[in-house]
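What follows is a single structure, written as structure tokens, with notes after it.
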Amino acid sequence: MNSPLTNLVRSVRKTVRRFWPGLQGPPDYSRIRSLAELGRLQPRVQFDFTRAPVPGWLTPAEQRALYSLARWAPGPFLEIGPWLGLSTVTLALGIADSGEKKDFVTREINPTSANFRPIDAEHIGLYSPPESTESMGVCSRESFERDIEPVVSDPGGVAGHLKENLARCGVAERVRVSLGDFRELEAQPYRFVFSDALHDELEIRRNSPHLRRFLSVGSILACHDTTDANVKLLNEYFRFGEYFRADSLFVAEIVKI
Ligand SMILES: C[S@@+](CC[C@H](N)C(=O)[O-])C[C@H]1O[C@@H](n2cnc3c(N)ncnc32)[C@H](O)[C@@H]1O
């Protein structure tokens, strides 16, 4: 029979594991044979966040999931929307730690101040080309002034900061930076695509038909800032099989194109 002390220790362990998965120790990585398995194990993957000291918009859970995907999912990899490179560095570190050679291209539209203008008193839109009347994305004036304006008005711009961050984090050789709208890239299937340009209905409807050109059956698509409503919309464009979610990161396998 278990003593009250043993029961207490068991219950404390169970609670700690539930709220602090890393304490369970590293998972058995050899078990990762499917996206579902990767989804189950990735919360326990140990990732040293100090290796990616780059400003950006990922939560620790999302960063850990991207790192795990880069480490265990097969390449080639395509990222759409690296901004200053938080997600890019994280993916590149996963590729580096995999010990395998995986091609990795990141595509950034590289906006300048000319690409932004107010939509209304509270919101700023991204327009490309600048004279376009169709906004490609929207942010609050506050976020624009705090996070975006200082970067896009800097002479180095987004691409300069991105390349500097990749070099500083020691991953410049792991990733090729490609500048321009991803919709202008030549069609080519990737095994893994991370898109940070599917935030709302506008972006999903505009970008999804183009995204299909970079996917094939078996590819993994990871989308950031995905709400339940976004998943519903994405289902209109893609047929998904196994999937998992880490905060707002939605990761799914394409089963039909
Ligand atoms: C939310 S930010 C990305 C944040 C970044 N992934 C991180 O980890 O912090 C979205 C990025 O997508 C870029 N972008 C938006 N539409 C694009 C397109 N059609 N082609 C290429 N880049 C695009 C924007 O310029 C911006 O840098």
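The values are calculated or read from the model by the stated rules, or taken from the named source; none is laboratory data. This one's a predicted model, so the numbers in the text were calculated from it and none came from an experiment. Ideal geometry is used to build each Cβ from the backbone, glycine not excepted, and the neighbour counts take in all protein chains shown.
Key figures for this structure:
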| quantity | calculated |
| --- | --- |
| Subset of the range 100-136 (residues that are hydrophobic (A, V, I, L, M, F, W, C), under 30 Å from Arg71 (Cα atoms) and assigned to a strand (DSSP E or B)) | Phe104, Val105 |
| Residue that is surrounded by the fewest Cβ atoms within 10 Å (Cβ to Cβ), among those in the range 203-212 that are more than 11 Å from the ligand (Cβ to nearest atom) and more than 15 Å from Glu186 (Cα to Cα) | Arg205 |
| Hits in the range 132-152 (condition: farther than 29 Å from Leu93 by Cα and small (Gly, Ala, Ser)) | Ser132, Ser135, Ser140 |
| Criterion (of a type in the set (Ser, Thr, Tyr), in contact (Cβ under 8 Å) with a residue 40 or more places away in the chain and within 10 Å of the ligand (Cβ to nearest atom)) met by exactly one of Ser135, Ser195 | Ser195 |
| So Arg117, is it out of contact with any helix residue (DSSP H, G or I) (no Cβ under 8 Å at 6 or more places or on another chain) and farther than 16 Å from Ser195 by Cα | yes |
| Matching residues, the range 75-93, being among the small types (Gly, Ala, Ser), crowded, with 24+ Cβ neighbours inside 10 Å and more than 6 Å from the ligand (Cβ to nearest atom) | Gly85, Ala92 |
| Selection from the range 1-42 of residues that are more than 30 Å from the chain's Cα centre (by Cα), at pLDDT below 70 and not hydrophobic (A, V, I, L, M, F, W, C) | Asn2, Arg13, Lys14 |
| Residue within the range 190-206 that is at pLDDT 95 or above, of a type in the set (S, T, N, Q) and more than 15 Å from the chain's Cα centre (by Cα) present | no |
| Some residue of the range 118-140 being touching a His at 6+ places or on another chain (Cβ under 8 Å) and in the same structural domain as Pro55 (by TED's automatic domain parsing) | no |
| Selection status of Ser143, in a loop (DSSP other than H, G, I, E, B) and within 13 Å of the ligand (Cβ to nearest atom) | no |
| Test: residue in the range 168-176 that is within 28 Å of Glu201 (Cα to Cα), within 14 Å of the ligand (Cβ to nearest atom) and in contact (Cβ under 8 Å) with a residue 60 or more places away in the chain | no |
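For every residue, the table says whether it meets (1) small (Gly, Ala, Ser); (2) more than 24 Å from Ala159 (Cα to Cα).
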{"site": "Arg176", "(1), (2)": "no, no"}
{"site": "Gly180", "(1), (2)": "yes, no"}
{"site": "Glu184", "(1), (2)": "no, no"}
{"site": "Ala187", "(1), (2)": "yes, no"}
{"site": "Arg205", "(1), (2)": "no, yes"}
{"site": "Pro209", "(1), (2)": "no, yes"}
{"site": "Arg213", "(1), (2)": "no, yes"}
{"site": "Ser216", "(1), (2)": "yes, yes"}
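Residues are listed down the side, and each one gets a yes or a no for (1) more than 20 Å from Leu58 (Cα to Cα); (2) assigned to a helix (DSSP H, G or I):
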| residue | (1), (2) |
| --- | --- |
| Val138 | no, no |
| Glu149 | no, yes |
| Leu162 | no, yes |
| Asn165 | no, yes |
| Arg183 | yes, yes |
| Pro189 | yes, no |
| Ala197 | no, no |
| Glu203 | no, yes |
| His210 | yes, yes |
